[in-house]
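S.K.: Please find one structure pasted underneath; my questions will follow.
The values are calculated or read from the model by the stated rules, or taken from the named source; none is laboratory data. Given the structure is predicted, the values throughout are model-derived calculations rather than measurements. We place every Cβ from the backbone using ideal geometry, glycine too, and count neighbours over all the protein chains shown. Each accessible area value is taken on the protein alone, full model and side chains, heavy atoms only, with ligands, DNA and RNA left out. Shrake-Rupley method; radii C 1.70, N 1.55, O 1.52, S 1.80 Å.
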Amino acid sequence: MWDELKRLAAARERRRIDGLFAEDATRAQSFSVEQDGMVLDYSKTQLDAEVVAALLKVAEDAKVGARAEAMFAGDKINETEGRAVLHTALRNLTGTPVLVDGDDVMPEVLGTLGRMEELAREIRASDVTDVVNIGIGGSDLGPKMGTIALAPFHDGPRCHFVSNVDGADIADTLKRCNPATTIFIIASKTFTTIETMTNGKTAWDWLEANGQTTDGKFIALSSNREKAGEWGIPESRVFGFEDWVGGRYSMWGPIGLSMMIAVGPEDFRAFLKGGESMDLHFRNTPLADNMPVMLALVGMWHNQVLGHGTRAVLPYDNRLARLPAYLQQLEMESNGKGVSMDGKDLACNSGPVVWGEPGTNGQHAFYQLIHQGTRVVPCEFLVAARGHEPELRHHHELLVANCLAQSEALMRGRDLEEARGKVAGTFEGDELERQARHRVFPGNRPSTTLIYPQLTPEMLGRIVALYEHRVFVEGVILDINSYDQWGVELGKELATALGPMVSGQQSAENKDGSTQALLAFVHGNAS
Ligand SMILES: O=P(O)(O)OC[C@H]1O[C@](O)(CO)[C@@H](O)[C@@H]1O
């Protein structure tokens, strides 16, 4: 299926994207999709009608629509783990029945949401000053990213997020908390993750060491109610979810509790509503006008067809600072797979390396490479039409100007003639030529821009769900399982085995020479 697309790509190799605008000034209208006031503009890419048609055919042949319906219907599309994939049920606010093995899961989902809201209200009305969410991966990145994103709506207690097993993380956090007015949320789907269990125990010991009771100070968010109970958290403080919610898709349910406590149940519901509206768009919109589908197809054109192996996510929205990190797990843990559903080697690239930083900070760090480096990095800009600080409107105008300038600069570049003009008064002869060469920008570098009115809870829900469905579409086309993560297991197993060798209780004689040398260094410098 990629052959035809590669043929189309080869035929366009020398074509300039800015030339496409010269041919058709209304290109931005034809090569963009809208969802309820949010627009994805993909006109600053090499896509044209023929390429779009070929990409849509790939999506049709992969039966993206039917596969999406299978997901929403609770089919066990996570085949390697025999599980349904139903994070969408967590934001199904209408309560339309969703069946798993013949049982409607919605009463339980909405019941848990109601319990979370009750507890969040209670905590927000209490003297609790600090809430510490202890979790890692999907049990950290989502609520942390969302809480930062919704800072203008944050009117509850302070929220902290501890994830790393490095003692520095919890030590630095606890220094900022008052033991008498701090509560802890232990967020772990499995309730076995070593980092989270270790940090949880340290928090427990910290309360005791500071003369506090641990009663009522811990809340568990987990699929493993039994383990949470064994750990010492009473049932009334455990918020469960089922195995059909993947860790990296879980911020919509109990794992989002810290964010709900921060912004309040009403704004959390608005976030869910935003996700639900993107679900409806995804299910009911033809492929060509479907935002997650087009976002996925543009990405696949750049990665699987053109071979650009990375993608920069560049939010010109400082409160989305953690979005790239969140997307790294969502996209790379989901679609970083080497075999297809039937266990055969993938015949093309898996999902790309996703990275990024908020603009304008990134401009003063790595944009040099994006503009003049030898690798093409497709860029994904995000920007809001307005900020939350009307009195600082001039800041926002500068922010928007920078965002638009970057995508324009990437597209047009600067040719040698123009570069010569820049240095003409300062240099001459060979030196002028040499200096000018350094100021040439190849341009013709693709980018997309997601533009929306303002970053509200509802908008955040739409953006997160957009990316989730994009991952789904890409996974379907690649025919991989986007919902397992076997690739994280080997390292965990080896770390467990290495533990006693690091502490010196076990010999490392069976380890490779490098590992032995590194262990010897640790032993020689441990105290
Ligand atoms: O929520 P848990 O079970 O502690 O897992 C944390 C994270 O660990 C992973 O399993 C990867 O190791 C992620 O998929 C998950 O989000």
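S.K.: Report, by residue number, each residue of region 457-495 that is within 13 Å of the ligand (Cβ to nearest atom) and either out of contact with any Ser or Thr (no Cβ under 7 Å at 6 or more places or on another chain) or of a type in the set (S, T, Y) (or both).
M.R.: Matches in region 457-495: S482, Y483, Q485, W486, G487, V488, E489, L490, G491, K492, E493, A495.
S.K.: Being in a loop (DSSP other than H, G, I, E, B), farther than 28 Å from G499 by Cβ and touching a residue at least 60 places away in the same chain (Cβ under 8 Å) is the filter here, so list the residues in region 171-221 that pass it.
M.R.: none
S.K.: Got at least one residue in region 153-168 being acidic (D, E) and surrounded by 15 or more Cβ atoms within 10 Å (Cβ to Cβ)? Please lay out each step first, then the result.
M.R.: Of region 153-168, the ones acidic (D, E) are 155, 166.
Now narrow it down to the ones that are surrounded by 15 or more Cβ atoms within 10 Å (Cβ to Cβ): none.
For region 153-168, residues acidic (D, E) and surrounded by 15 or more Cβ atoms within 10 Å (Cβ to Cβ): absent.
S.K.: While we're looking at this one, here's another question. Scan region 318-339 for residues that are of a type outside the set (A, V, I, L, M) and either part of a strand (DSSP E or B) or open to solvent by 20 Å² or more (accessible area, probe 1.4 Å) (or both) and jot them down.
M.R.: Listed by number, the residues that qualify are N318, R319, R322, Q328, Q329, E333, G336, K337, G338.
S.K.: On the basis of being assigned to a helix (DSSP H, G or I), at pLDDT 95 or above and open to solvent by less than 70 Å² (accessible area, probe 1.4 Å), does G146 make the cut?
M.R.: Numbers: assigned to a helix (DSSP H, G or I): yes; at pLDDT 95 or above: yes; open to solvent by less than 70 Å² (accessible area, probe 1.4 Å): yes.
Yes, satisfied.
S.K.: Can you tell me which of E118, E81 is touching a residue at least 60 places away in the same chain (Cβ under 8 Å), of a type in the set (D, E, K, R) and surrounded by fewer than 22 Cβ atoms within 10 Å (Cβ to Cβ)?
M.R.: The match here is E81.
S.K.: Residues in region 474-489: is at least one small (G, A, S) and over 30 Å from G65 (Cβ atoms)?
M.R.: No; the residues of region 474-489 include none that is small (G, A, S) and over 30 Å from G65 (Cβ atoms).
S.K.: Anything in region 242-264 that is in a loop (DSSP other than H, G, I, E, B) and either over 19 Å from V131 (Cβ atoms) or more than 10 Å from the ligand (Cβ to nearest atom) (or both)? List them, or say none.
M.R.: Passing the criteria: E242, D243, W244, V245, G246, M251, W252, G253, G264.
Rundown of residues vs (1) without any contact (Cβ under 8 Å) to a residue 60 or more places away in the chain; (2) touching a helix residue (DSSP H, G or I) at 6+ places or on another chain (Cβ under 9 Å), yes/no style:
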| site | (1), (2) |
| --- | --- |
| N349 | yes, yes |
| P352 | yes, yes |
| Q372 | no, yes |
| E397 | yes, no |
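S.K.: At negative phi and more than 16 Å from the ligand (Cβ to nearest atom): is that true of N335 in this structure?
M.R.: When the stated conditions are applied, N335 does not pass them.
S.K.: Quick check, is V131 outside any helix (DSSP H, G or I), touching a Ser or Thr at 6+ places or on another chain (Cβ under 8 Å) and away from the ligand (no atom under 16 Å from the Cβ)?
M.R.: Judged against the criteria, V131 is a match.
S.K.: Restricting attention to region 105-125, report how many residues are within 23 Å of H469 (Cβ to Cβ) and among the charged types (D, E, K, R).
M.R.: The total comes to 0.
S.K.: Now, a different point. Would a scan of region 484-504 turn up a residue that is surrounded by 13 or more Cβ atoms within 10 Å (Cβ to Cβ) and within 21 Å of the chain's Cα centre (by Cα)?
M.R.: Yes, that holds for at least one residue.
S.K.: Taking L119, is it out of contact with any Cys (no Cβ under 8 Å at 6 or more places or on another chain) and within 16 Å of the ligand (Cβ to nearest atom)?
M.R.: For L119, the condition - out of contact with any Cys (no Cβ under 8 Å at 6 or more places or on another chain) and within 16 Å of the ligand (Cβ to nearest atom) - is not met.
S.K.: Applying the selection to region 224-241, what residues are in a loop (DSSP other than H, G, I, E, B), surrounded by 21 or more Cβ atoms within 10 Å (Cβ to Cβ) and within 13 Å of the ligand (Cβ to nearest atom)? Steps first, please.
M.R.: Initial filter on region 224-241 (in a loop (DSSP other than H, G, I, E, B)): 224, 232-234, 241.
Next cut, surrounded by 21 or more Cβ atoms within 10 Å (Cβ to Cβ) only: 233, 241.
Result: F241, single match.
S.K.: Would you point out the residue of region 267-299, among those that are under 19 Å from A73 (Cβ atoms), more than 18 Å from the chain's Cα centre (by Cα) and not hydrophobic (A, V, I, L, M, F, W, C), that is surrounded by the most Cβ atoms within 10 Å (Cβ to Cβ)?
M.R.: Among residues in region 267-299 that are under 19 Å from A73 (Cβ atoms), more than 18 Å from the chain's Cα centre (by Cα) and not hydrophobic (A, V, I, L, M, F, W, C), the one surrounded by the most Cβ atoms within 10 Å (Cβ to Cβ) is N290.
S.K.: Which numbered condition in (1) touching a Leu at 6+ places or on another chain (Cβ under 6 Å); (2) open to solvent by less than 10 Å² (accessible area, probe 1.4 Å) is the only one that L56 fails?
M.R.: It is condition (2) that L56 fails.
S.K.: While we're on this one: Would you pick out the residues in region 98-113 that are in a loop (DSSP other than H, G, I, E, B) and touching a residue at least 40 places away in the same chain (Cβ under 8 Å)?
M.R.: Residue satisfying the conditions is V105 alone.
S.K.: All but one of (1) closer than 26 Å to M332 by Cα; (2) free of Cβ contacts under 8 Å to residues at least 12 places away in the same chain hold for E230, so report the exception by its number.
M.R.: E230 satisfies every listed condition except (1).
S.K.: When residues of region 387-428 are filtered for being open to solvent by 60 Å² or more (accessible area, probe 1.4 Å) and part of a helix (DSSP H, G or I), how many remain?
M.R.: Qualifying residue count for the region: 15.
S.K.: If you don't mind, there's one more thing I want to ask. Would you mention how many residues in region 170-202 are of a type outside the set (F, W, Y), under 25 Å from T213 (Cβ atoms) and within 15 Å of the ligand (Cβ to nearest atom)?
M.R.: 10
S.K.: Might you check whether a residue that is of a type in the set (S, T, Y) and free of Cβ contacts under 8 Å to residues at least 24 places away in the same chain occurs anywhere in region 417-433?
M.R.: yes
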